[in-house]
Amino acid sequence: MTDFNPYSWYWVADDGRVFSSASSIIVTAKDKTYTAWKSDGNNPTRWPVDDEGLQTTASLQEVLTPYGIYVDLIAYAAAKRYLIEIGGYTYEGHLIATDRDSQSKITSVAVAASTVGSSFSTDWKCSDGTFFTLDQTEAIAMATAIMTFVSACFAAEAAVATAITGGTITTTADIDAASWPANS
């Protein structure tokens, strides 16, 4: 029997689906590697369930994400998009954080700039710890540029997902090589 290793493990759904984390694919119950692994006294983990009690791809992906394991190419593409999206954006030479919390703050500063009007001014802290001052026009321009970048990340993911479904993207390397937006 092998100790649990998420990178070389199997999950089995009640409907018979078997996911191999070593190969990141669904295998059959008769897969030679899987049957050999079971013959060594190993038992697969039951496929996790979502909030509705269903054994979905998303519920398994939630368990595997911390290990950097992807259930399918669609999940890998989503993870790739997320890393690009939150990786920061260079605006006017300033590296701006684009994690989800920062995106919310960027939206808030644009709303405040729009509400306050031409007297709006704020100091914005960059990822490197430096500050620069934004007036109303600059705050709206920065927020627009960053949200355009975030939207482009989602558009790129959608194009990759379409290519996966269409069979023109078949590997994680293909996803990595796809056209993803630059951060400036």
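The values are calculated or read from the model by the stated rules, or taken from the named source; none is laboratory data. All values reported here derive from a predicted model rather than from experimental measurement. Please note: Cβ atoms are built from the backbone with ideal geometry, for glycine as well, and neighbour counts cover all protein chains shown. Side chains are part of the model used for accessible areas, which takes the heavy atoms of the whole protein and leaves out ligands, DNA and RNA. Shrake-Rupley method; radii C 1.70, N 1.55, O 1.52, S 1.80 Å.
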Candidates per trypsin sites (Lys or Arg not before Pro) in the range 4-36, loop by DSSP, up to 11 other Cβ within 10 Å: Lys30
The range 1-106: chymotrypsin sites (Phe, Trp or Tyr not before Pro) in DSSP loop, at most 10 other beta carbons within 10 Å: Phe4
Accessible area of the chain belonging to carbon and sulfur atoms, whole % at 1.4 Å probe: 55 percent
Rough spin-label spacing in nm, given labels placed 7 Å along Cα→Cβ, for Tyr82 and Ala36: 3.3 nm
Å² per residue, accessible surface of the chain at 1.4 Å: 56 Å²
Inter-label distance, nm, simple model (7 Å from Cα along the C-beta direction), Asp72/Asp99: 3.1 nm
Within the range 53-86: backbone nitrogen closer than 16 Å to the Thr45 label point (7 Å, Cα to C-beta): 55-72
Matching label, Rg/Rh (Cα atoms, Kirkwood Rh) computed from the structure shown, candidates [x] 1.01; [y] 1.14; [z] 0.97: [y]
Expected 222 nm ellipticity per residue - DSSP helices of 4 or more, -39500 (n - 2.57), all of the chain, to 500: -14500 deg cm²/dmol
DSSP beta bridge pairing in the chain, given as percent antiparallel to the nearest 5: 90 percent
